[in-house]
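Below: the structure, in structure tokens.
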Amino acid sequence: MFAIYNNNGLSFRSTIDNLYTLSNVDSIARVRNNTEEGLPKDHSLKSKKKLYENQNIEEAKAVYKKMANIDTKEPIFHVEDLMTRDVISLNEDNTLLEAYELMQEHEFRQIPVLKKDDNQIIGLVTQEFILDLLVGDLEFAQNIMQRELSTFDFNEVITSDPITDIRRVAKVMVDFSLTAIPVVDQNDNLLGIVSRANILKAVANTPPMQIWG
């Protein structure tokens, strides 16, 4: 499942087939994200079970494999299995200067912009977006940098549902020249972002390339 957001919020949510029928989809700007990549690590505390409680043989096998350093990786099928979860975002009352400074600090190329009231994604502020604004009006560059993000019109951004098949996400990335896609749930909450680097690292670390199985 995919969705498209713009300054007015959600404008489309449907299947990949319907995504390709949109007349304005070619106008969507290329997405570039440079957030820290890699397979997500779960540091949460989980309830522990006794090894042989209820004759849990499979769990015992898993523990043995881990102790014996035997690969226990599971197949990856959905975006949520490999997306980057810690995504820094801005809201619409931040200024363009604050967006630029955040990009410089974290070496990002883009940052999602959220509505202040409900945290719904409305666009992506990118290095290219800022450069275009400044080059287009160099005389008033300082004033432009002080404007709030809510005063700009962002290009529409394609997002993915967390349980979308990773192969479909990869296809959309290739077909629309995207290097990353934000991951949003059915309530319009930003959950993470998945990039080409995430997918390549998953392929390299998931034998035998089960991501395509």
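The values are calculated or read from the model by the stated rules, or taken from the named source; none is laboratory data. All values reported here derive from a predicted model rather than from experimental measurement. In this analysis, Cβ positions are derived from the backbone assuming ideal geometry, glycine residues included, and neighbour counts consider all displayed protein chains. The area values use the complete protein model at the heavy-atom level, side chains included, leaving out ligands, DNA and RNA. Shrake-Rupley method; radii C 1.70, N 1.55, O 1.52, S 1.80 Å.
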Open item on the list: Probe radius 1.4 Å, ligands and nucleic acids left out: which of 176, 2 has the largest accessible area, and how do the rest follow?
Closed with: 176, 2
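Keeping all protein chains in place and using 1.4 angstrom, which order do 179, 15, 21 fall into by accessible surface area, from largest down? Walk me through the numbers on the way to the answer.
On the way: 179 35, 15 65, 21 100 Å².
Sorted descending by solvent-accessible area, the residues read 21, 15, 179.
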Task: Extended-chain gain in nm, criterion 0.36 nm per residue less alpha-carbon gap, residue 135 and residue 11 - done: 41.7 nm
Open item on the list: Between residue 22 and residue 117, what is the label-point separation in nm under the 7 Å Cα-to-beta-carbon projection?
Closed with: 2.3
TODO: Could you check how much of the accessible area of region 111-177 is carbon and sulfur, as a whole percent, using a 1.4 Å probe?
DONE: 47
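Can you give me the accessible area per residue for region 100-213, using a 1.4 Å probe, in Å²? Can you show the working numbers first?
Details: 5790 Å² over 114 residues.
Result: 51 Å² of accessible area for each residue.
Got a sec? What order do 5, 100 fall in by accessible area at 1.4 Å, biggest, i.e. largest, first? Please list the in-between numbers first.
Details: 5 0, 100 95 Å².
From most exposed to least exposed: 100, 5.
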